[in-house]
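The block underneath contains the structure these notes are about, expressed in structure tokens.
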Amino acid sequence: MKRTVGIVLAVLLAIGVVAAVVIGSGMVGLGGGVAGRDVVVVRGVIGSEKKPFFDDPEVQQILRDNGYDVQVETAGSRQIATLDNLTDYDFAFPSSAPAAERIKRANKTSGAFTPFSSPMAVATYTPIEKALKPTGVLTRENGVLIFDVDKYLKAVDQGLRWDKIPKNSTYPASKSVLVTTSDVRKSNSAAMFLSVASYVANGNNVVSSKAQATKVLPQMTRIFLDQGYSESSTEAPFEDYLSLGKGKTPMVLAYEAQFLDRQMRGDGSITDEMVLAYPKPEVLSKHTVLAFKDPGREVGRLLSEDPQLQRLAAVHGFRPQSRQVFTDVLKERKVAAPPELVDIIEPPAYEMLEAMIVGIEKQY
Amino acid sequence: MRRARALIAGLVFVAVTITGCSFGTTTGNSSGSGSGDAVVLKVMAGSEVKDLEPVLQRAKEVTGVEVAADYTGTLTGAEQIAAGQADGTYDAVWYSSNRYLSLLEGSSSRLSTQTKTMASPVVLGVRESVARKLGWDTKAPTWKDITTAVKNGSLTYGMTDPSASNSGFSALVGVATALSGGGAALTQKQVDAAAPQLREFFSGQKLTSGSSGWLADAYVNQQGTDRVDALINYESVILELNRGDRLTEKLHVVIPADGVVTADYPLTLLRSATQEKKDAYTRLTDWLRTPEAQQLIQEQTARRPVVPGVKLDSRFGTTDLIELPFPNRREVVDGLINAYMQDLRRPSQTVYVLDVSGSMNSRGRLDELKKAMSSLTGAQGQTSQGVDRFATFRARETVILMPFSSRPQTPQTFTIPTKGGEKVRGQIQAAIDGLTAQGDTSIFTSVEEAYRVLERSTVSSDQAFNSIVVLTDGQNTSGQSFGDLQAHYESMPNDLKAVPTFSIVFGASDRGELEQLADLTGGRVFDATSGDLTAAFREIRGYQ
């Protein structure tokens, strides 16, 4: 009796293994997706700030309706380029044009899409705004909170500490006034911060030569190294901002999308004290899909062209290709429309940005 | 994928039903996850997360993912992970922090997604009467204020060994960063400059330990002597002590006003994990960050939730946790630990009571003993890099070798000088090399003699961490009984009673006897029955 069962089981298990192998290789015919169509498993490696978007059941459903079961892992955008077997994934989805360029140079890609973008922002708190008033680092212009990069660099140069700011009784910490960023060696958002900081340090010009890069390097090194340990992803410090409060991260560099995403959820995670500041000058992060395989290319195309996915990108705070879609979604969710941005700079060319990051890396 | 798994499970289920036999195997239900065959996620972890067991039990019910953990110290674990030794054996790693790990060459290519699961700052738990006297019940002190209190003799404390345990390591980084006064990440120069103040701060350390849990136990055991006023430990450990009934006086949680270092317990996927394990990891971490799980973690373990929307309960107070910058260079961190070991901390003085009875000749036991002791003299050349080097006999340390068989032999005392320690370590090595075995086993007579040796020592208990280490491969066969030793122990002065006796279960030694000894003296029993005597000796170093 027992033996019979064993044999039956072995046979069935063998079938199971075959099934699993077939499934594992991507083709599934087990009733997923649209009627009569197979669902293909598509694997991507993405910047962490887009994980909430990909985790959204609505996003997953639309992709599945189109025949794709998209599964993502997160990594720092700059780190993505260095992964072993990167092209085993169907696509990579780093967070900016320079980060995409780095991947493109090291790997064979079969398509690039920029479905949405997000300006960089500094998430902070009203008591911090108050504390920083005498420094001019945070100011209001027509009601919009502005993070003045020039004033910030001056404060960092002085090694300004919170408890040394005149009349600051709201945040008397004895640590330096620093924006918390992710690890500039690994993550894109920090590289975007480097873009604006180096622009200002270079006399309001995009760094465009080795000589300029070398000149601004010591100042750029400080804004990252003085922070001490920094996380490899943008999502981690932003989550600290949300849950651990101003003691840990009085100011955190984030994508505007991260903040808006939380606001639109209306889950109370953005408290009355929390406020978003826009750096002056501003830089846009252009989230770019790079396809390594056909299904990856299709997913990239869908993200850019499917109206529902464009709308869902806006629901997660990203700025889709149409401003109208963005405005409508915000209105529908009763979230105040963020300002139209005027003072926008381009990030430095890939080589220049890379040269500065490598320069900073050497100081670690 | 899920659907497929359900289908396979369904087939198995059909087979079982048809044949009408009951199997030990469980079957998946139609939802494809949840009850039934759990996926086992193999995790290399720090012992700090052991207390999550009830939470993980619930996680298994909800997600179908079972966590199987092996525990290794923070720094040792980090080195193994960075070297790729965890790849293949483990699917994920779970320590109180990834900060040290991230400083090691090779770590970033090993690690995939990191998910913070909870938070707990390293703080001071100060006896309420002492906190009141110092005014810390109403106003939080800075690290400088704390140092002043130590200097004035108003505060003593217990803290774990920074090379063995993350809470001590975090405290060391915190106090060094705060006292250096820079406000930014620490540099080697600042460590050197802050050394005099740090030495003062560490002069107040009266208890040391290789683990946060044992430190709490040791604190509980010495209550009533008023020798120790405070514990430096995770906030969660202190809150849990306060919740239980082991304290005669509650501990006031003091969060230094100028900042702390907070553990955030990132459950971290290894890039080498298989797809199945990656999926399991995602299911588990998604659940761990639900409000339900975060609430459970807060209730069960007194750690702070890390997802927005889950409110802190009243135990935590409302103070902002100012986070100190953590050094981002490995040299700085290693330099700091080294400075602590060789210079800043109080030195240790240890009597090694080593069994050289006849039975040690069998199965190469004497050779194993020699090898284990040699790992502490640096004779094996393992000391240039890696955390093992922190196990080597340190500058200013006093090592007393007292071999015993039918009776204790004359002890040999060595003190490692600040400069030229190699020579003395060589002398210790020579003494170890010269050990030979014969005779009976007089454990308790020899331990009593070890206490007398410490009583006669010119290094007082105020100047050093005193301890006794007993290694034996058998039962007590000659000399006095445990009862005789106990009577002697009770007659000793308090400062001598505070000296713990650590012992190692080895060969045919009697665990019960050794545990009695540990209970009596506030020591601990280490296990080397699985064969690795060297590892046991190194582990004990964290307690000396």
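Here is a check on your reading of the model: is B:Val122 crowded, with 19+ Cβ neighbours inside 10 Å, in contact with a Phe, Trp or Tyr (Cβ under 7 Å, 6 or more places away or on another chain) and either farther than 27 Å from B:Gly73 by Cβ or of a type outside the set (Lys, Arg) (or both)? It is true that B:Val122 is crowded, with 19+ Cβ neighbours inside 10 Å, in contact with a Phe, Trp or Tyr (Cβ under 7 Å, 6 or more places away or on another chain) and either farther than 27 Å from B:Gly73 by Cβ or of a type outside the set (Lys, Arg) (or both).
Just one of (1) out of contact with any strand residue (DSSP E or B) (no Cβ under 9 Å at 6 or more places or on another chain); (2) among the aliphatic types (A, V, I, L, M); (3) under 20 Å from B:Ala339 (Cβ atoms) fails for B:Val150. It is (1). Checking segment A:250-267 against the condition returns a match, with at least one residue being in contact with a helix residue (DSSP H, G or I) (Cβ under 8 Å, 6 or more places away or on another chain), in a loop (DSSP other than H, G, I, E, B) and not hydroxyl-bearing (Ser, Thr, Tyr).
A quick yes/no check of all residues on (1) in contact with a Leu (Cβ under 9 Å, 6 or more places away or on another chain); (2) under 30 Å from B:Gln480 (Cα atoms); (3) surrounded by 15 or more Cβ atoms within 10 Å (Cβ to Cβ):
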{"residue": "B:Thr350", "(1), (2), (3)": "no, yes, yes"}
{"residue": "B:Phe393", "(1), (2), (3)": "yes, no, yes"}
{"residue": "B:Ser406", "(1), (2), (3)": "no, yes, yes"}
{"residue": "B:Lys419", "(1), (2), (3)": "no, no, no"}
{"residue": "B:Asp433", "(1), (2), (3)": "no, yes, no"}
{"residue": "B:Gln438", "(1), (2), (3)": "no, yes, no"}
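Go through the residues of segment A:296-306 one by one and say whether even a single one is within 30 Å of B:Val310 (Cβ to Cβ), among the basic types (Lys, Arg) and in a helix (DSSP H, G or I).
Initial filter on segment A:296-306 (within 30 Å of B:Val310 (Cβ to Cβ)): none.
No.
For segment A:260-271, check the following and say yes or no: at least one residue is assigned by TED's automatic domain parsing to the domain that holds A:Val149, touching a residue at least 24 places away in the same chain (Cβ under 8 Å) and within 22 Å of A:Ala173 (Cα to Cα). Within segment A:260-271, not a single residue is assigned by TED's automatic domain parsing to the domain that holds A:Val149, touching a residue at least 24 places away in the same chain (Cβ under 8 Å) and within 22 Å of A:Ala173 (Cα to Cα). The set of residues in segment B:466-487 that are within 21 Å of B:Ile400 (Cβ to Cβ) and surrounded by fewer than 21 Cβ atoms within 10 Å (Cβ to Cβ) contains only B:Gln480. Of the residues making up segment A:36-63, those that are over 19 Å from A:Ser233 (Cβ atoms) and touching a residue at least 24 places away in the same chain (Cβ under 8 Å) are A:Arg37, A:Asp38, A:Val39, A:Val40, A:Val41, A:Val42, A:Glu58, A:Val59, A:Ile62, A:Leu63.
Filter segment A:311-364 down to the residues that are polar (S, T, N, Q) and without any contact (Cβ under 8 Å) to a residue 60 or more places away in the chain, then identify the one that is farthest from A:Ser189 (Cα to Cα). I'd like the intermediate steps shown before the answer.
Initially, segment A:311-364 is screened for residues polar (S, T, N, Q), giving A:321-322, A:324, A:327, A:363.
This time we only want the ones that are without any contact (Cβ under 8 Å) to a residue 60 or more places away in the chain, so: A:322, A:324, A:327.
On the way: A:Ser322: 23, A:Gln324: 26, A:Thr327: 24 Å.
For segment A:311-364, the residue satisfying everything is A:Gln324.
Taken over segment B:309-332, the criterion of being at pLDDT 90 or above and more than 10 Å from every other protein chain (Cβ to nearest Cβ) is satisfied by B:Asp313, B:Ser314, B:Arg315, B:Phe316. Taken together, the criteria exclude B:Arg283 from residues that are in contact (Cβ under 8 Å) with a residue 12 or more places away in the chain and surrounded by fewer than 18 Cβ atoms within 10 Å (Cβ to Cβ).
Just to be sure I understand the filter: pairs with C-beta atoms under 6 Å, separated by 6 or more residues or on different chains, first member in segment B:531-544 and assigned to a loop (DSSP other than H, G, I, E, B), second member among the charged types (D, E, K, R). Which pairs pass? Cβ pairs passing all conditions: B:Gly542/B:Asp161.
Here B:Pro256 does not fit the description of being under 21 Å from the mean Cα position of the chain (by Cα), crowded, with 20+ Cβ neighbours inside 10 Å and either among the acidic types (Asp, Glu) or within 13 Å of chain A (Cβ to nearest Cβ) (or both).
None of B:Tyr340, B:Tyr352 is under 21 Å from B:Thr398 (Cβ atoms), assigned to a helix (DSSP H, G or I) and not assigned by TED's automatic domain parsing to the domain that holds B:Tyr100 except B:Tyr340. Highlighted here are the helices (runs of 4 or more DSSP H) found entirely within segment B:99-183 that include at least 1 residues which are assigned by TED's automatic domain parsing to the domain that holds B:Arg271: B:99-103, B:107-110. Pairs linking a residue in segment B:295-307 that is away from chain A (no Cβ under 13 Å) to a residue that is among the small types (Gly, Ala, Ser) and outside any loop (DSSP other than H, G, I, E, B), with Cβ atoms under 8 Å and 6 or more positions apart or on different chains, are B:Thr301/B:Ser236; B:Ala302/B:Ser120; B:Ala302/B:Ser236. Applying the condition of being within 20 Å of the chain's Cα centre (by Cα) and under 17 Å from B:Ile146 (Cβ atoms) to segment B:96-131 and asking which residue is farthest from the other protein chains (Cβ to nearest Cβ) yields B:Gly125.
Among residues of segment B:475-487 that are among the small types (Gly, Ala, Ser), those with a beta-carbon under 6 Å from a residue that is part of a helix (DSSP H, G or I) at least six positions away or on a different chain give the pairs B:Gly479/B:Thr445.
Among the residues of segment A:220-237, write down those that are under 22 Å from A:Arg319 (Cβ atoms) and either out of contact with any Lys or Arg (no Cβ under 9 Å at 6 or more places or on another chain) or within 10 Å of chain B (Cβ to nearest Cβ) (or both).
A:Ser233, A:Thr234, A:Glu235 - these are the residues of segment A:220-237 that are under 22 Å from A:Arg319 (Cβ atoms) and either out of contact with any Lys or Arg (no Cβ under 9 Å at 6 or more places or on another chain) or within 10 Å of chain B (Cβ to nearest Cβ) (or both).
Among the conditions (1) part of a strand (DSSP E or B); (2) assigned by TED's automatic domain parsing to the domain that holds A:Val144, the only one that A:Leu290 does not satisfy is (2).
The values are calculated or read from the model by the stated rules, or taken from the named source; none is laboratory data. In this text, all values refer to a predicted model and were calculated from it rather than measured experimentally. For neighbour counting, all protein chains shown are included, and Cβ atoms are generated from backbone atoms with ideal geometry for every residue, glycine included.
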